[in-house]
Amino acid sequence: MSQGSPLRLGAALFNGDHGHLADEVARLQAVGLDFIHLDVFDGHFVPDLGFSPRTIAQLRPLGRLPFEVHLGVENMRHVAPQLADAGVDLILFHVESSTMLYEDLFFMRELGVRVGLAITLGTPITVLEPVIGQLDAVLLLSRVTGEGSRGAVFNPLVLPRLRAVCAMAEAAGLKLDLQVAGSVKRQHIPQLLAAGTTAIAFGGGLYRLPDMATEVAEMRKLAQEQAR
């Protein structure tokens, strides 16, 4: 995170040019982002197919930014060890993919990576209460997962959910990395920060801008102003 910034900014590599992924990793680092968000999907849990652990392992030596994985698969215990071996820094797996949440978190922690949970818009956040002390991060989705351009609109329903998770963490005396992803734009930053967000992963909207570095700088400036 840049000095003085209250908010970590990242970008989803899945929205980059898949024919030049090495160049995209270098670009995301050069424009001043804090982390790279990597979608690992199986085409079953969500419709999209994401990156394979092998691809992530080959990209890992090409940059210094943290690799943070959004894991949307039916069998996370099969994929997670491969991701840990690939050198990722954080794995966020879906609460909806787990039938034994505490046990799955224990399994993930044994891999030696930071661990978090991703949660879709329709899942009650109360599911986090029994396990919140085992988490490094929570990723709240602010749009429909894996739907490409369909439904790709930021949903303000995520705001009260953020406030609730933030209050849950504070009550437990925890400092969680509270992330949001899904059609977030610059104008949403003040609301998200006020609700307790600590990190945002941006998608296709950021890649489509003519000057990504300028937009990242403007978003960071806005976050710093909001924090005063």
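Here the extension length gained between residue 18 and residue 77 equals 18.6 nm, from 0.36 nm per residue of separation less the Cα-Cα distance.
Between the amide H of residue 184 and those of 203, distances stay under 5 Å, these residues lying 5 or more places away or on another chain, with hydrogens modeled in the peptide plane.
The residue 103 and residue 52 beta-carbon pair, evaluated with R₀ = 25 Å, returns a calculated FRET efficiency of approximately 0.45.
Taking θ as phi - 60° and the Karplus parameters 6.51, -1.76 and 1.60, the scalar couplings of region 106-112 work out to 4, 4, 5, 5, 5, 7, x Hz in sequence order, x denoting glycine and proline. Under the combined filter of DSSP loop state and at most 16 neighbouring Cβ atoms within 10 Å, region 52-101 retains these trypsin sites (Lys or Arg not before Pro): 64. Based on alpha-carbon atoms, the Kirkwood radius and the radius of gyration of region 94-198 give Rg/Rh equal to 0.96. Summarising the amide proton neighbourhood of residue 50: residues at separation of 5 or more, or on other chains, whose placed amide H is nearer than 5 Å comprise 41, 42, 43. Using the basic label-point model (7 angstrom from Cα toward the beta carbon), what is the residue 171 to residue 121 distance in nanometres? So the label points at residue 171 and residue 121 sit 2.6 nm apart.
Derived scalar couplings between HN and Hα for region 58-68 equal 6, 7, 3, x, 8, x, 10, 5, x, 9, 10 Hz in order, rounded to whole Hz, by the Karplus curve 6.51 cos²θ - 1.76 cosθ + 1.60 (θ = phi - 60°), x for Gly and Pro.
Based solely on its DSSP helices, what 222 nm [θ] is calculated for the chain when runs of n ≥ 4 H residues each add -39,500 (n - 2.57) and the sum is averaged over all residues, nearest 500 deg cm²/dmol? Computed mean residue ellipticity for the chain: -10000 deg cm²/dmol.
Couplings 3J(HN,Hα) for region 89-103, derived from phi with the Karplus relation 6.51 cos²θ - 1.76 cosθ + 1.60 (θ = phi - 60°), are 9, 8, 10, 10, 9, 7, 4, 6, 8, 10, 9, 9, 5, 4, 5 Hz, where x marks Gly and Pro.
Taking the Cα centroid of region 58-110 and of region 9-53, what is the distance between the two, rounded to the nearest whole Å? Centre-to-centre (Cα) distance: 15 Å. Counting only DSSP beta bridges whose two residues both lie in the chain, roughly 5 percent are antiparallel. Suppose a student asked you for the relative contact order of the chain, using Cα pairs under 8 Å spaced at least 6 residues apart; what percent would you report? Answer for the chain is 21 percent. Between residue 139 and 117, 118, 119, 179, the built amide H atoms are under 5 Å apart, and every one of these is 5 or more places off in sequence or on another chain. Among residues other than residue 157 with Cβ under 13 Å from its Cβ, the summed charge is +3 (Lys and Arg +1, Asp and Glu -1).
Every number here is computed from the coordinates shown, using simple stated rules; none is lab data. Note that the structure is a prediction, hence the values are computed from the model and not measured. Ideal geometry is used to build each Cβ from the backbone, glycine not excepted, and the neighbour counts take in all protein chains shown.
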